[in-house]
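These notes concern the structure reproduced below.
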Amino acid sequence: MLTFFSVVLAAIIFEYSNGFHDAANAIATVVSTRVLTPRKAIAMAAFFNLTGALLGGAVASTIGKGLVDTNIVTMTTVLCALIAAFAWNITTWWFGLPSSSSHALIGGLCGAALAAARGNWSVIKWNAGVWPKVVVPMISSPVAGFIFGGLLMFLLFVALHRFTPHFVQSLFGKLQIFSAAWMAHSHGTNDAQKTMGIITLALFTGTKAGSFDRLPAWLAFLKTPVFVLPKWVIGLCAVTMAAGTAAGGWRIIRTLGHRMVKLQPVHGFAAETTAALIIQGASYYGIPLSTTHVISTSIMGVGAVKRFSGMKWTVVERIVWAWLFTLPTSGLIGYALERAATAL
C-alpha cells in the first residue's frame, strides 16, 4: 500500500507540474499579444483545462494499457516512470524549454517496463502502440502544425488585406480569447488523460497482484479488476492539472510568446486554432499527442508566413533538441530507476 500511495503522490506532483509546465501551451500567445493580462489568461486556461480533463478517456486507455505489456508492470514500475517524467519536466522548465510532458511520461514508462522485463524488448507494444500512436504522431503533428498554421495565416492575410490594421486588431483581439479557450480545453482532453491512465494502471496492477485484498471496506473503491477509469481518478487529475495551470509557467511563456517571434492577435488566433484542431482530433482517436510540439510549430508556421527572417531560429533549434532528447532521456532515467529499485 505504501508503494501505491507513493504512486498516487508522484502522479499528483507530475500532473501539477504538467499543468504549470504546459500552461504556456494555451496562453503564451494570448499573453504576448496582450489580449488578456497574465492573471486572466491563466484563470481562463485553468478553467478550460478542467473542462477538457473531465471529458473522454481514449488517451488514458492508450497510456495505461496500449504501450507496454501490463503483465510485467508493477507499482514500482509506474512509480519509476512518474519520477523519470517529473525529473525531465523540471529540468526543461528550469531552462525555459517547451518540451513534451507526454513523451517524458511515455519514455519513462517504456524504460521502466523494459528494466522490469530485464531487457526483453517484446514488453513494449511497438507495432500496436508506440509506433502508430507515439512515434508517427511525434513527427507528423509538428509538421502538420507548421504547415496548417502557415496556411491558415496565409489565408487570413489574403482575406484581410483590405481591412485597416485597427479593425483586424480589434476583431482578432476578441476572437483570440475563444481560440485560446479552445486550445486550453483541447489540452485538457489530451494531457490530463495521461496521468489518469497511469493511476488506473497502478490500480489495475495492484488489484491483479492482490495488494488490495486485505483493505477495509471503505477502501474497496481502490479495487480495479478491469481497466476502466474510476471517476475519482478523473476528478483528482482534472483538479490537479487546473491547479498546476493556475500556478503558471512564466519561463516557457516567455520562450513561446516572445523569444521565437513577436505576435499580434491575428497570429495568435491562427496558431491556437490550428493547434486546438489537431489536438482535439488526436484526443478523439486516443493518440497521446505532444501539445507542446503542436502549438510550438503552429507558432513557427505563423511566424514564418509573417516574416521568415523574423523567426529566431537559434531558439527554435534549442527547442527541437529538447524534443529529440525527451523520449530517450526519460526512458534511460526510468530504466535506471527501475533497475536501482530491483537491486534494493
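The values are calculated or read from the model by the stated rules, or taken from the named source; none is laboratory data. This is a predicted model, so every value here is computed, not measured. Glycine gets a Cβ as well: all are built from the backbone with ideal geometry, and neighbour counts include every protein chain shown. Remember, those area values only see protein heavy atoms, side chains included, never the ligands or the DNA or RNA. Shrake-Rupley method; radii C 1.70, N 1.55, O 1.52, S 1.80 Å.
Quick grid of which residues meet (1) out of contact with any strand residue (DSSP E or B) (no Cβ under 8 Å at 6 or more places or on another chain); (2) modelled with pLDDT under 95; (3) part of a helix (DSSP H, G or I):
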residue	(1), (2), (3)
Ala45	yes, yes, yes
Gly56	yes, yes, no
Phe86	yes, yes, yes
Pro98	yes, yes, no
Leu105	yes, yes, yes
Ala115	yes, no, yes
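Quick grid of which residues meet (1) crowded, with 22+ Cβ neighbours inside 10 Å; (2) in contact (Cβ under 8 Å) with a residue 24 or more places away in the chain; (3) closer than 27 Å to Leu114 by Cα:
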| site | (1), (2), (3) |
| --- | --- |
| Leu2 | no, no, yes |
| Val7 | yes, yes, yes |
| Ile12 | no, yes, yes |
| Val31 | yes, yes, no |
| Thr37 | no, no, no |
| Phe47 | no, yes, no |
| Asn71 | no, no, yes |
| Ala84 | yes, yes, yes |
| Asn89 | yes, yes, yes |
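Could you please find all residues in the range 162-200 being of a type in the set (Lys, Arg) and open to solvent by less than 40 Å² (accessible area, probe 1.4 Å)?
In the first step, residues of the range 162-200 are kept if they are of a type in the set (Lys, Arg); the result is 162, 174, 194.
Matches in the range 162-200: Lys194 only.
Within the range 206-264, restricting attention to residues that are at pLDDT below 85 and of a type in the set (Val, Ile, Thr), which residue is nearest to the chain's Cα centre (by Cα)?
Looking at residues that are at pLDDT below 85 and of a type in the set (Val, Ile, Thr), I get Thr245.
So which residues in the range 115-162 are of a type in the set (Phe, Trp, Tyr) and either in contact (Cβ under 8 Å) with a residue 12 or more places away in the chain or within 26 Å of Ala275 (Cα to Cα) (or both)?
So the first thing to find is which residues in the range 115-162 are of a type in the set (Phe, Trp, Tyr), and the list is 121, 126, 131, 146, 148, 154, 157.
Of everything in the range 115-162, those that are of a type in the set (Phe, Trp, Tyr) and either in contact (Cβ under 8 Å) with a residue 12 or more places away in the chain or within 26 Å of Ala275 (Cα to Cα) (or both) turn out to be Trp131, Phe146, Phe148, Phe154, Phe157.
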